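Student: The structure is given below, and queries will be raised subsequently.
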Amino acid sequence: MDAYVTDSAGTPADPEHPAEDKRQDGAQEDSRAAAAQDEAEKTGQPGKADGNQEPGTGDDAGAAGTDTGDSGPGGAPGSGAAEGGGVRTWADRPKGGIAAGHRSHWLRWTALAASFLVLIAAGAGWWLYKKLDGNIRTDTSAAAELKAYEKERPTPVAQDAQNILLIGSDSRSGDNREYGRDDGGSQRSDTTILLHLAADRKSATAMSVPRDLMVEIPSCHTAGKKTTGEQFAQFNSAFELGGTACTIRTVERMTGIRVDHHMVVDFNGFKDMVDAVDGVEICLKEPIDDADAHLRLPSGRQKLDGEEALGYVRARKSIGNGSDTERMDRQQRFLGALVNKMQSNGVLLNPTRLYPVLDAATKSLTTDPGLDSLRDLYDLVRGMRDVPTDKVQFLTVPRQPYSQNRNRDELVEPDAGRLFKQLREDQPVAVVPADELKEKNKGVGTGDGTRNGKPDSAGPGSPTPEPMYSGSNAADDLCKQ
């Protein structure tokens, strides 16, 4: 039986069936057939080409023995050859059959795992969305109050431009009591900014309204449903008398600008936002030591965390000349630095970094129904994220000390009216640092856009819109002021 063993891994081909050899692979199979024929001639059994065939079975038996792939004694598993193209060797098994099965198996599991991960991600995304969305509080009472006075409100002039009134709450309740005292003992608007977003979203102008500005406050409804009479008083009294709706109507009466949306911001949310962007860098000309604001800082360049930033923007009497004007300038510059930090670090374009900022912001917000969802806020942020930082400008309404009380402010005309008209009609506004504006005016004008009572012009062909106003932008370096 040893004479029938060949070097091939299976049963050699039958030399008397050359037609079947054509199914084998070139020279390798021809070699196997020749070896099998030599072995048959030596043993005198030309009909036996299979080592599993018993002597004397003849060609028929040899052919029958190769009908299946079952192995006989001494044969390799699955080595039998079938007539008409059956597999005759282990090497001739279907290529990739087993591998294809494994691949199919893993593809199914990969698809299942990917589907599971997508579901998990979608569920987590939905949970995060609902969480942020649920943080926002809706001010329905202000919306109802404004609707009642709709006939008195200005008509929008510039389509697609948006005017949003930002109100910083001066409440000393809860955690806010740590950051200074309210001498009147009641809640007033500590900071009020009218944010104008240009229709083309290529610029944004934030105009601060001093809380000590003397203005006409319309008749408003109090929280107890009482009606107040019209009065000439400090601007921040409007918030105390009639809340957000009264403040909006006061701004609209003063400027003629339709307020599209409003946000009331709690200062603790501002603190968390600063922490979410890993602090904001400022530069101090002199050290600060303010016990009321819990603020002690050395001079020079440094990065403020949320606690320090909140004390810095709210401190008044311990920094500079202690005026509200200087405090507003400091707030504007800090907000500009915050915007610059968010854009330069890619926060607005990075969902992972944006989430903590949105979480802090939404927890501190009370808005009108038009901005009370995460989708609404996202659309607002998306519209602003491409605005260049040097086109995010901050300024204060043109004002001067009130003639009857030097501790109060009054509007400077016609400068204030001209600025309101520019914003109302969505015209570009140009701001420059106060020192630069004074140099341009040579000390003659009011310092808020005029010279000798006329618009300050930079000359024919100047690309800078006129008049100019004292202010700053988000691209300014606080240490170069």
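The values are calculated or read from the model by the stated rules, or taken from the named source; none is laboratory data. All values reported here derive from a predicted model rather than from experimental measurement. Don't worry about glycine lacking a Cβ; one is built from the backbone with ideal geometry, like all the others, and counts go over all protein chains shown. Just so you know, the surface numbers come from the protein's heavy atoms only, side chains and all, with ligands and any DNA or RNA stripped out. Shrake-Rupley method; radii C 1.70, N 1.55, O 1.52, S 1.80 Å.
Student: Taking only segment 394-423 into account, find how many residues are in contact with a Phe, Trp or Tyr (Cβ under 9 Å, 6 or more places away or on another chain) and under 18 Å from residue 197 (Cα atoms).
Tutor: 4
Student: Test of understanding: among 352, 362, which residue is touching a residue at least 24 places away in the same chain (Cβ under 8 Å) and within 22 Å of residue 386 (Cα to Cα)?
Tutor: After applying the criteria, what remains is 362.
Student: Out of the residues in segment 201-253 that are among the β-branched types (Val, Ile, Thr) and in a helix (DSSP H, G or I), state the one that is surrounded by the most Cβ atoms within 10 Å (Cβ to Cβ). Talk me through it step by step, then tell me what you get.
Tutor: Residues of segment 201-253 that are among the β-branched types (Val, Ile, Thr), as a first pass: 205, 209, 215, 217, 222, 227-228, 244, 247-248, 250-251.
Filter once more, keeping what is in a helix (DSSP H, G or I): 244, 247-248, 250-251.
On the way: 244: 25, 247: 29, 248: 27, 250: 27, 251: 24.
Checked segment 201-253; the qualifying residue surrounded by the most Cβ atoms within 10 Å (Cβ to Cβ) is 247.
Student: Please verify whether segment 173-187 includes one or more residues that are of a type in the set (D, E, K, R), within 22 Å of residue 327 (Cα to Cα), open to solvent by less than 10 Å² (accessible area, probe 1.4 Å) and at pLDDT below 90.
Tutor: The answer is no; no qualifying residue exists.
Student: Just checking, how many residues over segment 199-227 are over 30 Å from residue 387 (Cα atoms), among the polar types (S, T, N, Q) and touching a residue at least 40 places away in the same chain (Cβ under 8 Å)? Can you show your working first?
Tutor: Our first condition is that a residue be over 30 Å from residue 387 (Cα atoms); within segment 199-227, this holds for 212-227.
Right, trim to among the polar types (S, T, N, Q) and you get 219, 222, 227.
Keeping just the survivors that are touching a residue at least 40 places away in the same chain (Cβ under 8 Å) gives none.
The qualifying residues number 0.
Here is a yes/no grid of residues against (1) open to solvent by 20 Å² or more (accessible area, probe 1.4 Å); (2) in a helix (DSSP H, G or I):
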site: 329; (1), (2): yes, yes
site: 334; (1), (2): no, yes
site: 339; (1), (2): yes, yes
site: 352; (1), (2): yes, yes
site: 366; (1), (2): yes, no
site: 386; (1), (2): yes, no
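Student: OK, next. For the structure I just gave you, tell me whether residue 298 is farther than 24 Å from residue 139 by Cα and open to solvent by 30 Å² or more (accessible area, probe 1.4 Å).
Tutor: yes
Student: How do the pairs read when you match residues in segment 374-393 that are closer than 24 Å to residue 208 by Cβ with residues anywhere that are assigned to a helix (DSSP H, G or I) and open to solvent by 20 Å² or more (accessible area, probe 1.4 Å), using Cβ under 7 Å and keeping only pairs 6 or more apart or on different chains?
Tutor: Within 7 Å, the pairs are 381/348; 385/348; 385/349; 389/339; 389/340; 389/343; 392/339.
Student: Then there is this: For segment 328-375, which positions are among the hydrophobic types (A, V, I, L, M, F, W, C) and in contact with a strand residue (DSSP E or B) (Cβ under 9 Å, 6 or more places away or on another chain)?
Tutor: 328, 334, 335, 337, 338, 339, 361, 365, 371
Student: What do you reckon, is residue 292 at pLDDT below 85, surrounded by fewer than 16 Cβ atoms within 10 Å (Cβ to Cβ) and not in a helix (DSSP H, G or I)?
Tutor: yes
Student: I'm trying to understand the selection: among the residues of segment 388-424, which are within 35 Å of the chain's Cα centre (by Cα) and assigned to a loop (DSSP other than H, G, I, E, B)?
Tutor: Of everything in segment 388-424, those that are within 35 Å of the chain's Cα centre (by Cα) and assigned to a loop (DSSP other than H, G, I, E, B) turn out to be 388, 397, 398.
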